[in-house]
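A.B. asks: What follows is a single structure, and I will ask about it in a moment.
The values are calculated or read from the model by the stated rules, or taken from the named source; none is laboratory data. Since the structure is predicted, the reported quantities are computational estimates derived from the model, not experimental observations. Backbone-built Cβ (ideal geometry, glycine too); neighbour counts: all protein chains shown. For the accessible areas, the whole protein counts, side chains as well, though only heavy atoms, and no ligand, DNA or RNA atoms are used. Shrake-Rupley method; radii C 1.70, N 1.55, O 1.52, S 1.80 Å.
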Amino acid sequence: MKMQNVLYLSNLSKDHLHTLPLIVLYLTDGCNSRCAMCDIWRVPRQNMDMELVHHIVKSARRLRTQMVLLSGGEATQHPHWPSIAAQFRAHNIKVWLLTNGLLLKKQAEAIIEHVDRITVSLDAATPELYQRIRGVDALDLVLEGMRVISKAGVHVTTRTTVMRANFRQMPFIIDVALANGAQSVSFLAVDSDNPYAFGPRFEEQSTLPIASENDFGPLKEAELAEFQALLERLFISHAEHFANGQIEESPTKLRRLYDYFASLYGKASFTPPRCNAPHISVVIGVDGTLQPCYFLPPISESKNLDDLNQPEMIALRSAYRRKQRPECSRCVCPLYRGPRALLQGF
Ligand code: SF4
Ligand code: SF4
């Protein structure tokens, strides 16, 4: 077996990392969307410094990174994101853009030139609901952008955060996404309690209404049966899309969305997800802070990727692997790569 493959696989058996297959980069905490379930757009904007980017690119090369996920905030709001993407690609590191889609059309040329794949947040199938959730009237603009990018050959997927306001639109969201250039769609449950994602929404000064009291949070107990029935109908009406992978989750995985919401009311048990995110990836904040994943807090003062194997980082990997991190038990966005997937690359 090639030495490179041995190094990738050693991530799965040891807490000391020799490679870092995926880097998630928060390029900016600015965002041009106004989502009801997120506070990021309310805080003053900070963009990642280019010197920090150069340092990360150098480390990524040394750590044999396969993919960088540009995120934020809204990554396309960083004034130099195309040049950042180009720097990674110059070292054969693929670029994946996670975007709200508002600038897809305007920045199509740069995206087509510098990005390997995009994931567009698509939380509604109608302009009215889109505006209610995302705070801007832009569904048509986003869909037009998806068509342009997809037509140029960039891999386009969508991701929907399922919440009270939109669970009834799930079947239509699939149809709208696939009709507008998406190769596949995916769903995750709205997070109900993690303080490290989506801005300072649990701090006292947060202006965000408490999720359980509005339409942008988890389903209410009275809606559970309707959601369960909707899912079962979806498995039949869209059986072909499950079979050909256009819906990325299997029916079994989508039933976990029901379990997640139902467990809030003691109506189901939610099994902690399979995840090895901290062994195969890192999340780097706008100021260089290293987070083991979206939902676990920074565990060191270090802002240097070369410190990936500091004792506290190794201890964190050991702890979550031994199921000692409570955040993992209700995580809505795990990431798991087994040996074969890891060797195939992102
Ligand atoms: S959820 Fe994403 S797109 Fe919406 S405001 Fe927050 S960062 Fe922007
Ligand atoms: S399950 Fe979630 S919180 Fe736990 S390590 Fe994975 S991504 Fe992080």
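A.B. asks: For the condition modelled with pLDDT under 95 and open to solvent by 30 Å² or more (accessible area, probe 1.4 Å), what is the one hit in Pro195, Pro218? Let's see the steps before the verdict.
C.D. replies: Working: Pro218 fails: open to solvent by 30 Å² or more (accessible area, probe 1.4 Å).
Going through Pro195, Pro218 in turn, just one is modelled with pLDDT under 95 and open to solvent by 30 Å² or more (accessible area, probe 1.4 Å): Pro195.
A.B. asks: Follow-up. Just checking, does region 270-285 include any residue being aromatic (Phe, Trp, Tyr) and away from ligand 1 (no atom under 16 Å from the Cβ)?
C.D. replies: First pass over region 270-285, keeping only residues aromatic (Phe, Trp, Tyr): 270.
From what is left, the residues that are away from ligand 1 (no atom under 16 Å from the Cβ) are 270.
Scanning region 270-285, I find at least one residue that is aromatic (Phe, Trp, Tyr) and away from ligand 1 (no atom under 16 Å from the Cβ), so the answer is yes.
A.B. asks: Only one of these is more than 13 Å from ligand 1 (Cβ to nearest atom), closer than 21 Å to Leu104 by Cα, without any contact (Cβ under 8 Å) to a residue 60 or more places away in the chain and of a type outside the set (Gly, Ala, Ser): Val53, Val68. Name it.
C.D. replies: None of the others qualify; the one that does is Val68.
A.B. asks: Count, please, the residues in region 252-280 that happen to be away from ligand 2 (no atom under 12 Å from the Cβ) and open to solvent by less than 10 Å² (accessible area, probe 1.4 Å).
C.D. replies: 4
A.B. asks: Looking only at residues that are touching a Phe, Trp or Tyr at 6+ places or on another chain (Cβ under 9 Å) and more than 9 Å from ligand 2 (Cβ to nearest atom) in region 293-329, which one is most open to solvent (accessible area, probe 1.4 Å)?
C.D. replies: Of everything passing the filter in region 293-329, Pro298 is most open to solvent (accessible area, probe 1.4 Å).
A.B. asks: Return yes or no: is Ser71 among the hydroxyl-bearing types (Ser, Thr, Tyr) and open to solvent by 30 Å² or more (accessible area, probe 1.4 Å)?
C.D. replies: Working: among the hydroxyl-bearing types (Ser, Thr, Tyr): yes; open to solvent by 30 Å² or more (accessible area, probe 1.4 Å): no.
Spelling it out, it is not the case that Ser71 is among the hydroxyl-bearing types (Ser, Thr, Tyr) and open to solvent by 30 Å² or more (accessible area, probe 1.4 Å).
A.B. asks: If I ask for residues that are within 11 Å of ligand 1 (Cβ to nearest atom) and either without any contact (Cβ under 8 Å) to a residue 12 or more places away in the chain or in a strand (DSSP E or B) (or both), which ones from region 21-40 would you list? Before the answer, list the steps.
C.D. replies: Keep residues of region 21-40 that are within 11 Å of ligand 1 (Cβ to nearest atom), which gives 26, 28-40.
Matches in region 21-40: Tyr26, Thr28.
A.B. asks: Against the definition (within 16 Å of ligand 1 (Cβ to nearest atom) and touching a Lys or Arg at 6+ places or on another chain (Cβ under 6 Å)), how does Gly181 come out, yes or no?
C.D. replies: Values: within 16 Å of ligand 1 (Cβ to nearest atom): no; touching a Lys or Arg at 6+ places or on another chain (Cβ under 6 Å): yes.
For Gly181, the condition - within 16 Å of ligand 1 (Cβ to nearest atom) and touching a Lys or Arg at 6+ places or on another chain (Cβ under 6 Å) - is not met.
A.B. asks: So Glu301 fits all but one of (1) under 24 Å from Asp49 (Cβ atoms); (2) acidic (Asp, Glu); (3) touching a Leu at 6+ places or on another chain (Cβ under 9 Å); what number is the exception?
C.D. replies: It fails just one condition, (3).
A.B. asks: Moving to a separate point now. I'm told Leu290 meets every condition in (1) in contact (Cβ under 8 Å) with a residue 24 or more places away in the chain; (2) open to solvent by less than 20 Å² (accessible area, probe 1.4 Å); (3) more than 13 Å from ligand 2 (Cβ to nearest atom); (4) among the aliphatic types (A, V, I, L, M) except one. Can you identify the failing condition by its number?
C.D. replies: Failing condition for Leu290: (1).
A.B. asks: Here is a follow-up. Considering region 300-316 alone, what residues qualify as being at pLDDT below 90 and of a type in the set (Gly, Ala, Ser)?
C.D. replies: Of everything in region 300-316, those that are at pLDDT below 90 and of a type in the set (Gly, Ala, Ser) turn out to be Ser300, Ser302.
A.B. asks: Would it be correct to say that Arg89 is surrounded by fewer than 21 Cβ atoms within 10 Å (Cβ to Cβ) and within 20 Å of the chain's Cα centre (by Cα)?
C.D. replies: Working: surrounded by fewer than 21 Cβ atoms within 10 Å (Cβ to Cβ): yes; within 20 Å of the chain's Cα centre (by Cα): no.
Criteria not met by Arg89.
A.B. asks: Would you be able to say whether some residue in region 118-137 is open to solvent by less than 50 Å² (accessible area, probe 1.4 Å), charged (D, E, K, R) and modelled with pLDDT of 95 or more?
C.D. replies: yes
A.B. asks: Looking at Gln169 and the list (1) under 26 Å from Asp259 (Cα atoms); (2) within 16 Å of ligand 1 (Cβ to nearest atom); (3) open to solvent by 20 Å² or more (accessible area, probe 1.4 Å), which single condition is not satisfied?
C.D. replies: Of the numbered conditions (1) under 26 Å from Asp259 (Cα atoms); (2) within 16 Å of ligand 1 (Cβ to nearest atom); (3) open to solvent by 20 Å² or more (accessible area, probe 1.4 Å), the odd one out for Gln169 is (2).
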